[in-house]
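The values are calculated or read from the model by the stated rules, or taken from the named source; none is laboratory data. Predicted model only: the values in this text are computed from it and were never measured. For neighbour counting, all protein chains shown are included, and Cβ atoms are generated from backbone atoms with ideal geometry for every residue, glycine included. In case anyone asks, the SASA skips ligands and DNA or RNA and just uses the protein heavy atoms, side chains included. Shrake-Rupley method; radii C 1.70, N 1.55, O 1.52, S 1.80 Å.
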Amino acid sequence: MRHVTYALTPERGYFDPSEVIFRECGVVIRSIQELDLLTDGTAVMLYQAEATRDQIDESLARTSEKVIDHQVADAGDCVMLQIHYHPSDLIRNLLELHDSYATHLDFPVEFVDPSASSLRLSVIGAKDQLQEQIAATREEVDETIERIGDYDPGTDRRFAGLTDRQREVLLVAVGKGYYESPREATYDDIATDLDCSASAVGKHLRRIESE
């Protein structure tokens with residue numbers, strides 16, 4: 001498994017025209033905490049932003065044709081803004097592209113330069129899948145590779161909450177190719193190395209993936 005971190009910068013200065021409106025209203029979007037492309041072509045984004053409620057309300061009023069629903073919650077010195085909306089073709093293309101590869105996007109996705117909508121992403125996956133995804137992404141948007149290397153789930157912050165046994169199960173699953181595309185191992189294969197049952201492996205992996 002490998003991981004790669006790269007920055008995406010749209011030539012026109014935004015991924016979606018609504019980003020310009022948010023900036024004009026004083027809303028500074030710092031990161032994307034979650035994102036999902038729904039089957040009907042709409043998207044749900046959870047943003048971390050610096051803004052007042054009035055600034056957010058003004059932004060949403062000016063983008064009302066795109067926004068289907070929204071939720072706002074205070075989070076200390078920032079706000080969490082969840083928006084269900086009609087994304088631009090560029091955003092939809094990028095999300096569909098990502099979903100077509102056996103890779104994992106590491107959240108949060110950070111805005112390197114909010115004034116230009118430049119995003120920094122970290123993606124985890126097999127070397128060939130990452131290479132193909134990077135090449136395909138470059139056809140859609142300007143892309144700058146910042147870091148690439150081997151992936152060790154034992155040191156990654158996403159897996160800090162796993163138990164020692166869960167990390168052991170995950171490392172065996174990754175090493176035997178369970179997360180390759182197509183899969184190169186089954187629960188039984190992993191269970192043989194761990195001296196446990198296949199059902200126990202499945203239970204561990206489901207909890208690991210949920211975490």
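General remarks:
- Put simply, of E58, E96, E110 the only residue that is touching a Cys at 6+ places or on another chain (Cβ under 6 Å) and modelled with pLDDT of 90 or more is E58.
- Checking each residue in segment 97-114 for being in contact with a strand residue (DSSP E or B) (Cβ under 9 Å, 6 or more places away or on another chain) and either within 26 Å of V20 (Cβ to Cβ) or among the charged types (D, E, K, R) (or both) picks out H98, D99, L105, D106, F107, P108, V109, E110, F111, V112, D113, P114.
- Yes/no for E50 being out of contact with any Phe, Trp or Tyr (no Cβ under 8 Å at 6 or more places or on another chain), open to solvent by 80 Å² or more (accessible area, probe 1.4 Å) and farther than 20 Å from E110 by Cβ: no
- Residues of segment 94-115 satisfying the condition of being open to solvent by 30 Å² or more (accessible area, probe 1.4 Å) and either farther than 20 Å from R12 by Cβ or small (G, A, S) (or both): H98, D99, S100, Y101, A102, H104, F107, P108, E110, S115
- Looking across D40, D69, one residue alone is over 26 Å from V141 (Cβ atoms), open to solvent by 80 Å² or more (accessible area, probe 1.4 Å) and either free of Cβ contacts under 8 Å to residues at least 24 places away in the same chain or outside any strand (DSSP E or B) (or both). It is D69.
- Test: residue in segment 118-140 that is in contact with a strand residue (DSSP E or B) (Cβ under 8 Å, 6 or more places away or on another chain), in contact (Cβ under 8 Å) with a residue 60 or more places away in the chain and either surrounded by fewer than 15 Cβ atoms within 10 Å (Cβ to Cβ) or part of a loop (DSSP other than H, G, I, E, B) (or both): yes
- Taking the criterion of being at pLDDT 90 or above, hydroxyl-bearing (S, T, Y) and part of a loop (DSSP other than H, G, I, E, B), the residues of segment 165-211 that qualify are T186, S197.
- Top-ranked residue in segment 4-37 [being within 13 Å of the chain's Cα centre (by Cα) and not hydrophobic (A, V, I, L, M, F, W, C); ranked as surrounded by the fewest Cβ atoms within 10 Å (Cβ to Cβ)]: D36
- Residue count for segment 162-179 satisfying the condition of being among the charged types (D, E, K, R) and on the phi > 0 side of the Ramachandran plot: 0.
- Test: residue in segment 73-93 that is β-branched (V, I, T), without any contact (Cβ under 8 Å) to a residue 60 or more places away in the chain and open to solvent by 80 Å² or more (accessible area, probe 1.4 Å): no
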